[in-house]
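Everything below concerns the one structure shown next.
Any read-out appearing in this document is the output of simple, stated calculations on the displayed coordinates, not a laboratory observation. All of these numbers come straight from a predicted model, not from anything done at the bench. For neighbour counting, all protein chains shown are included, and Cβ atoms are generated from backbone atoms with ideal geometry for every residue, glycine included.
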Amino acid sequence: MSPRAAWRLESLGFREVYDYAAGKQDWITAGLPTEGELAEVPRAGDVADPDTPTCRLDERLADARERARAAGWDSCVVVTETRVVLGLLRSRDLEKEGDLSVEEAMRPGPSTFRPNVPVATLADLMREHGLPNVPVTTPDGALVGLLRREDAERAIAELHAHHEEGDHEHEG
């Protein structure tokens, strides 16, 4: 909408007015509110854990492993100072022996997914490829969080349970 239209809405008492020029998918990717039938569909950005451990290229693998385990994770995302994803250390990468750097042990350039991707789509992909988690990033490549497969499946089950409750309420 134009700045003039946004100002007019504000003058009418609307408190949350957005002057946003990009498309609908970019809006959803930014985590902004949505409406309609698909608004309740859980998306990657809603379920990804932002508190996933991160590490830097020049860090020692042993330090990254210790920090990940202390946080209850078996993965660590390799990021820049601005959280742009460079690589991923999965469980077997964290287990590598020797005095390695994170850069030497990581999987460079992992596939990443945007926050607007439906969780069900990613759960299917993770099951199909045997992945325990996938990185979720902004369009600029900054880490939003890691989406664990079990969290994705839980979100899908909760949505189905919510729908079944609603169906039973309408039966009576």
Say each of Glu81 and Ser111 gets a label point 7 Å from the Cα, pointing the same way as Cα to Cβ; how far apart are those two points in nm?
-> 3.3
Multiply the residue gap between Asp63 and Leu100 by 0.36 nm, knock off their C-alpha separation, and tell me the result in nm, one decimal place.
-> 12.3 nm
Kindly put Arg92, Arg15, Arg56 in sequence by how many other C-beta atoms sit within 10 Å of each C-beta, fewest to most.
-> Arg15, Arg92, Arg56
Projected onto the charge dipole of the stretch 44-156 (unit charges on the beta-carbon of Lys, Arg, Asp and Glu, signs +1, +1, -1, -1), the Cα from Leu125, Thr82, Val144 with the largest positive-side position is that of Leu125
Using modelled amide H (1.01 Å from N, peptide plane; none on Pro or chain starts), what sits under 5 Å from the amide H of Val78, excluding residues fewer than 5 places away?
-> Cys55, Leu86, Gly87, Leu88, Leu89
Please give, to one decimal in nm, the separation of the simple spin-label points placed at Asp124 and Asp51, each 7 Å out from Cα toward the Cβ.
-> 3.2
Virtual spin-label span in nm between Val17 and Ala70, 7 Å along Cα→Cβ = 4.9
Of 41-49, 99-107, ordering from highest average Cβ density within 10 Å down gives 41-49, 99-107
